[in-house]
1. Suppose we keep just the alpha-carbon trace of segment 2-68; what are its Rg and Dmax in angstrom?
2. Between helix 50-67 and the chain, what is the angle of the helix's C-alpha long axis to the longest principal axis, kept within 0 to 90° and rounded to the nearest 10?
3. Cα centroids of segment 105-123 and segment 36-99: how far apart, whole angstrom?
4. Treating the angle as unsigned and between 0 and 90°, give the value, to the nearest 10°, between the Cα long axis of helix 70-80 and the longest Cα principal axis of the chain.
5. With a cut-off of 8 Å between alpha carbons and a minimum separation of six or more residues, what is the relative contact order of segment 2-68 in percent?
6. Just rank 82, 61, 42, fewest to most, by other beta-carbon atoms within 10 angstrom.
7. Suppose the chain between residue 145 and residue 58 were pulled fully straight at 0.36 nm per residue; how much longer would it get relative to their current alpha carbon spacing?
8. Given (1) 10, 35, 29, 18, 8, 0; (2) 11, 43, 34, 11, 1; (3) 10, 27, 19, 14, 11, 9, 6, 2, 1, 0 as candidate values of P(r) over Cα pairs in 10 Å bins from 0, in percent, which corresponds to the one derived from the coordinates?
């Protein structure tokens, strides 16, 4: 069990690292940082250091949930969709938290939020939406002027 968790954590950490290096908007001067990070992930895997891999994975989730724009999270989901060990839990939490913020603000602030709400409402099989919540979100979609 630990070995498969090690593999899953390594896969997640390496793939997210690759995604950020390629699509994160960082300058080419940052490439050595991502290479060093991948090297540390490989070393942790080789030494069966599950504690370090769990910590890196938790940090990735924290960064996605608290700092990543949802549009980038969607690009990451697309980038990782066919990879074994890809973990979308943090992206789903980000989506849920963003929907909550929109409902609390009673306003869709920009086009990214508009499409987030639109897609959220149009995928009931993956996004269970309460009827009251759906009505509020539909009103907000109708009121949004930016698209």
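Readers should treat all values here as calculations from the given coordinates under stated rules, not as data from a laboratory. Please read these numbers as outputs of a predicted model, since none were measured by experiment. Neighbour counts are summed over all protein chains in view; Cβ atoms, including those assigned to glycine, are modelled from backbone coordinates with ideal geometry.
1. Rg, Dmax (Cα atoms, Å): 12.0, 36.
2. The angle comes out at about 30 degrees.
3. What the calculation gives is 23 Å, centre to centre.
4. That works out to roughly 50 degrees.
5. Worked out over segment 2-68, it gives 45 percent.
6. Placing the least packed residue first, the sequence is 82, 42, 61.
7. So the extension gain works out to 27.6 nm.
8. Comparing each candidate, only (1) matches the computed number.
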